[in-house]
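Reading through the structure tokens given below for one structure.
The values are calculated or read from the model by the stated rules, or taken from the named source; none is laboratory data. Just so you know, these numbers come straight off a predicted model, no measurement behind them. When we count neighbours, we look across all protein chains shown, and the Cβ atoms used for this are built from the backbone with ideal geometry, even at glycine.
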Amino acid sequence: MIKLPILALLIFLSNIVSAQVNRNEMPKPTAPKKIGFKDSELFTTKNGIKVILSENHKIPKVSLDLRMGYNPGFEGEKVGLGAIMGDLIMSGTDKRSKDQLDKEVDFIGASLSASSTNVFLSCLTKHLEKGLDLMSDVTMNANFPTLEFDRIVNQYESNLLSYKSDADAMAQNALSTVNFPNHPYGETMTTTSLASIKLEDIKNNFKACFTPKGAYLVIVGDINRAEAEAMIEKYFGNWIGSEPAMPKFDDPIKNNGNQVYFINKPGAVQSVIKIAFPIAMRNGSKDNLKMNVLNDVFGGGGFGTRLMQNLREDKAYTYGCYSGLNIEDNGGWVSAGGNFRNAVTDSAITQILMEFNRLNAEVITDKEIGLTKAVKAGNFSRSLERSQTVARFAFNIEKYGLPKDYYKTYLQSLDAITPADLQQIAKTYIPTNNFNIIVVGNEEIIEKIKLFDSDGKVTILDEFGHVIN
């Protein structure tokens with residue numbers, strides 16, 4: 001039992017502490033600290049593979065992501081070549097049919113997949129030797145069977161024929177072609193380009209693109225450096241290839257005012273609207289983080305963004321209006337839009353353009369930026385729970401030349417962003433009356449949207465995003 005004098009003293013001290021706390025104010029968060037985590041190990045093999053190793057011995061499992069070092073360029077009259085090649089890589093090798101490959105992967109409970117730019121393996125440590133045998137076989141010996149090639153081509157033919165009934169697919173094609181003229185990102189597959197792709201094209205493209213020189217192998221899990229070096233030498237040491245193609249592309253420059261593009265979808269009761277423009281920003285650019293914060297405030301996700309508050313909550317024009325920031329190795333672009341009733345198509349465009357202009361004209365509030373930074377900080381902190389995260393950090397630092405402490409000081413950099421910083425970013429990257437306005441819908445709306453074009457005209461596109469003469 002506490003004696004009375006002591007109890008009185010405790011009550012007295014408690015009252016003093018309570019008097020010093022203003023419970024009407026939200027407690028201020030402490031300043032973010034530099035994050036400490038073990039750096040990944042980096043080394044290069046004799047045949048040119050750059051290895052990034054992140055050890056994690058908590059679980060007896062290893063994942064390996066082999067990313068090719070080439071830079072995809074123009075495909076010209078054979079647009080779709082890379083996509084089809086990626087779909088076919090797992091169709092068999094010189095030593096294994098597709099069925100054999102699938103059975104062996106399943107037998108060890110592994111995950112093995114491939115695309116036009118990478119091969120990925122995840123398996124238990126005890127099955128790593130077998131997994132690497134399968135992974136290296138796919139990487140070096142994919143043989144592209146004729147029957148599988150024909151099957152994949154038929155699938156693409158069906159998909160392309162369905163575009164005329166898929167407003168979102170047509171809008172996405174238009175987004176590529178109008179934002180990136182004379183650029184690989186502006187190429188879209190058509191029935192004509194698909195028909196021109198031959199099996200020999202696939203095989204030649206594979207040989208040119210899948211080469212160890214300039215490739216990255218990101219390893220995460222229950223393996224140390226000595227074991228990694230030995231296994232890489234055993235399974236990839238005899239992999240040879242030429243220097244990968246590394247073409248360079250300029251950022252598109254748009255300076256011809258607002259341009260309106262329309263794709264006809266007869267009978268549509270809704271319009272798909274995309275308002276977009278290219279930006280001079282790529283992976284590794286110094287303004288990426290600030291631009292990401294700006295996009296999240298504008299319309300990047302959730303119900304609290306400016307676009308959602310205006311076009312859904314206030315105007316009730318749509319169920320959802322979002323913005324997207326897309327930053328790639330060869331360029332970037334911003335888009336905003338959604339699905340809207342025909343009757344409010346022009347009103348929706350007016351409001352989205354107004355919200356873009358607000359980013360330049362008005363300083364974002366402390367409340368808006370505070371909520372966005374809190375969400376991003378939480379997402380970043382949770383990502384550190386995944387072992388792949390640290391390896392991904394090392395990959396980005398190595399490939400894009402980021403500062404060595406970029407991710408260790410990420411939370412500090414995020415916290416330091418001010419409303420004034422975001423307005424400067426908006427003035428630098430967000431245009432005024434220089435947008436690509438894309439609408440997919442019923443032709444009854446053409447006269448309404450013509451008013452937004454700087455020249456008072458509407459350019460008609462087909463389902464692949466190409467101008468109809």
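Please find, within the range 387-403, the residue that is nearest to N288 (Cα to Cα) out of those that are touching a residue at least 12 places away in the same chain (Cβ under 8 Å) and among the hydrophobic types (A, V, I, L, M, F, W, C).
L402
If you go through the range 99-140 one residue at a time, how many are more than 29 Å from the chain's Cα centre (by Cα) and touching a residue at least 12 places away in the same chain (Cβ under 8 Å)?
Result for the range 99-140: 10.
Just to be sure I understand, how many residues within the range 291-349 are farther than 22 Å from F180 by Cα, touching a residue at least 40 places away in the same chain (Cβ under 8 Å) and of a type in the set (S, T, N, Q)?
Adding up the residues that qualify gives 4.
Out of the residues in the range 429-442 that are among the β-branched types (V, I, T) and within 13 Å of F277 (Cα to Cα), which is modelled with the lowest pLDDT?
Result: T432.
Of everything in the range 120-147, what is touching a Phe, Trp or Tyr at 6+ places or on another chain (Cβ under 6 Å) and either of a type in the set (S, T, Y) or assigned to a loop (DSSP other than H, G, I, E, B) (or both)? Give them in sequence order.
The one that is touching a Phe, Trp or Tyr at 6+ places or on another chain (Cβ under 6 Å) and either of a type in the set (S, T, Y) or assigned to a loop (DSSP other than H, G, I, E, B) (or both): S136.
Among the listed residues G465, G456, G441, which satisfies the condition of being exposed (fewer than 14 other Cβ atoms within 10 Å of the Cβ) and either small (G, A, S) or within 22 Å of the chain's Cα centre (by Cα) (or both)?
Going through G465, G456, G441 in turn, just one is exposed (fewer than 14 other Cβ atoms within 10 Å of the Cβ) and either small (G, A, S) or within 22 Å of the chain's Cα centre (by Cα) (or both): G456.
So which residues in the range 122-132 are crowded, with 17+ Cβ neighbours inside 10 Å and under 14 Å from M231 (Cα atoms), if there are any at all?
Within the range 122-132, H127, L128, G131, L132 qualify.
Kindly check whether there is at least one residue in the range 418-428 that is part of a loop (DSSP other than H, G, I, E, B) and modelled with pLDDT of 95 or more.
Within the range 418-428, one or more residues are part of a loop (DSSP other than H, G, I, E, B) and modelled with pLDDT of 95 or more.
When only residues in the range 350-368 that are of a type in the set (A, V, I, L, M) and in contact with a Leu (Cβ under 9 Å, 6 or more places away or on another chain) count, which is modelled with the highest pLDDT?
In this case the residue turns out to be I352.
Suppose we filter the range 141-164 for residues that are hydroxyl-bearing (S, T, Y) and either without any contact (Cβ under 8 Å) to a residue 60 or more places away in the chain or outside the structural domain of E104 (by TED's automatic domain parsing) (or both); how many remain?
Residues meeting the conditions: 3.
Condition check: in contact with a Lys or Arg (Cβ under 9 Å, 6 or more places away or on another chain), buried (at least 19 other Cβ atoms within 10 Å of the Cβ) and not assigned by TED's automatic domain parsing to the domain that holds I279. Does M170 satisfy that?
Criteria met by M170.
I'm trying to understand the selection: among the residues of the range 88-116, which are of a type in the set (S, T, N, Q) and crowded, with 17+ Cβ neighbours inside 10 Å?
S91, T93, S116
Can you run down the residue pairs with Cβ atoms below 6 Å, 6 or more apart or on separate chains, where the first is in the range 206-235 and in the same structural domain as K46 (by TED's automatic domain parsing) and the partner is of a type in the set (V, I, T) and in a strand (DSSP E or B)?
Close Cβ pairs (under 6 Å, with a partner that is of a type in the set (V, I, T) and in a strand (DSSP E or B)) amount to L217/V51; V218/I52; G221/V62; D222/V62; I223/V62; A228/I219.
Answer yes or no as to whether A374 is of a type in the set (G, A, S), under 23 Å from the mean Cα position of the chain (by Cα) and not in a strand (DSSP E or B).
yes
Could you go through the range 369-383 and let me know if any residue there is in contact with a Gly (Cβ under 7 Å, 6 or more places away or on another chain) and modelled with pLDDT of 90 or more.
Looking for residues that are in contact with a Gly (Cβ under 7 Å, 6 or more places away or on another chain) and modelled with pLDDT of 90 or more, one finds at least one in the range 369-383, hence yes.
Of the numbered conditions (1) in contact (Cβ under 8 Å) with a residue 40 or more places away in the chain; (2) in contact with a helix residue (DSSP H, G or I) (Cβ under 8 Å, 6 or more places away or on another chain); (3) of a type in the set (S, T, N, Q), S242 satisfies every one except a single condition; which is it?
(1)
Among residues belonging to the range 326-350 that are in a strand (DSSP E or B) and out of contact with any strand residue (DSSP E or B) (no Cβ under 7 Å at 6 or more places or on another chain), point out the one that is surrounded by the most Cβ atoms within 10 Å (Cβ to Cβ).
So the residue we want is I327.
Kindly provide the set of residues from the range 377-415 that are part of a loop (DSSP other than H, G, I, E, B) and polar (S, T, N, Q), ordered by number.
Hit for the range 377-415 is T409, nothing else.
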